[in-house]
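Every number here is computed from the coordinates shown, using simple stated rules; none is lab data. Only a predicted model underlies this, so the values are computations on that prediction, with no experimental measurement involved. Because the Cβ atoms are built from the backbone with ideal geometry, glycine has one as well, and the counts that use them run over all protein chains shown.
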Amino acid sequence: MLPSQVREVVPSGWRIYTVAATMPVFDRNSWRLLVDGLVARPLELSYDELRALPRVEQTSDFHCVTGWSVDDVRWTGVRFRDLLAAARPHPTARALTFVSAEKPYVDSLTLEQAYLKDVLLAYEMDGKPLTRPHGAPLRVVIPDMYGYKNVKWVERIIVSDKAADGYWEVRGYDRNAWVGRSNGRA
Ligand SMILES: Nc1nc2c(c(=O)[nH]1)N[C@H]1C(S)=C(S)[C@@H](COP(=O)(O)O)O[C@H]1N2
Ligand SMILES: [Mo]
């Protein structure tokens, strides 16, 4: 928390975070989203097929565990229920692992978390397609958890029986990264 006088002079806004030397390049024609693992029917969706799924819009705040936030971000994308309907997860499915095209970034959510009402896979931010630094063409949005759960450049979703530790979690951060209720820096 910053005193309000300080807040006014500290510029707000996004910090662009990466773990690899270069950001993935999105090619609309060759890009595919793979959905596999514990599903009856694995999916390989083109960008256009993804965009044809039921579209939702929401405005939510974004919080990085290091202390910066961006208020009122407008996201457009698809809910996990709508994405997974065609793949038909097995009854034993409990979690989703998000694999980024930016290696080796990964993270996971339980299905219960992924089905929370304000969680989505976003392809637009503030009314425009996601830019490359923000994870084009697809990122996870879970406003009630810290930014590190919001995987950018998602290219594969693995349905599994349990959540696994992600990139920051093997480095000591909480897997359940609830804003205000998790450990932040280990
Ligand atoms: N692939 C990938 N996704 C990522 C990260 C990253 O380094 N690589 N950083 C995470 C963290 S810690 C935050 S706070 C947000 C930052 O989002 P931004 O880079 O769009 O500002 O992305 C999250 N998703
Ligand atoms: Mo972050």
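Looking only at residues in segment 21-65 that are of a type in the set (Ser, Thr, Tyr) and surrounded by fewer than 16 Cβ atoms within 10 Å (Cβ to Cβ), which one is farthest from ligand 1 (Cβ to nearest atom)?
Residues of segment 21-65 of a type in the set (Ser, Thr, Tyr): 22, 30, 46-47, 59-60.
Imposing the further condition that a residue be surrounded by fewer than 16 Cβ atoms within 10 Å (Cβ to Cβ) reduces the set to 22, 30, 46, 59.
On the way: Thr22: 12, Ser30: 19, Ser46: 21, Thr59: 16 Å.
Once the filter is applied, the top-ranked residue is Ser46.
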**Prompt:** Right, Thr92: more than 24 Å from Arg28 (Cα to Cα), outside any strand (DSSP E or B), of a type in the set (Val, Ile, Thr) and within 16 Å of ligand 2 (Cβ to nearest atom) or not?
**Reply:** no
**Message:** Cβ-Cβ under 8 Å, sequence separation 6+ or interchain: first residue in segment 144-169 and assigned to a strand (DSSP E or B), partner among the basic types (Lys, Arg) and buried (at least 22 other Cβ atoms within 10 Å of the Cβ). Which pairs?
**Reply:** Val154/Arg139
**Request:** Would you mention how many residues in segment 116-143 are in contact (Cβ under 8 Å) with a residue 24 or more places away in the chain, away from ligand 2 (no atom under 16 Å from the Cβ), in a loop (DSSP other than H, G, I, E, B) and more than 20 Å from Gly180 (Cα to Cα)?
**Result:** 6
**Fill in**
Per the filter on segment 35-75, residues assigned to a strand (DSSP E or B) and β-branched (Val, Ile, Thr) are Val35, Val39, Val56, Thr59, Val70, Val73
**Asked** How many residues does segment 66-81 hold that are more than 16 Å from the chain's Cα centre (by Cα) and of a type outside the set (Gly, Ala, Ser)?
**Response** 4
**Asked** Filter segment 66-95 for residues that are free of Cβ contacts under 8 Å to residues at least 40 places away in the same chain and either touching a Leu at 6+ places or on another chain (Cβ under 7 Å) or farther than 19 Å from Asn150 by Cβ (or both); which is surrounded by the fewest Cβ atoms within 10 Å (Cβ to Cβ)?
**Response** Pro91
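Taking segment 154-173 as the search range and keeping residues that are within 25 Å of Glu44 (Cβ to Cβ) and within 15 Å of ligand 2 (Cβ to nearest atom), which one is surrounded by the fewest Cβ atoms within 10 Å (Cβ to Cβ)?
Taking segment 154-173 as the starting set, the residues that turn out to be within 25 Å of Glu44 (Cβ to Cβ) are 154-164, 166-167.
Restricting the remaining residues to those that are within 15 Å of ligand 2 (Cβ to nearest atom) gives 166-167.
Numbers: Gly166: 22, Tyr167: 16.
Out of the qualifying residues, it is Tyr167.
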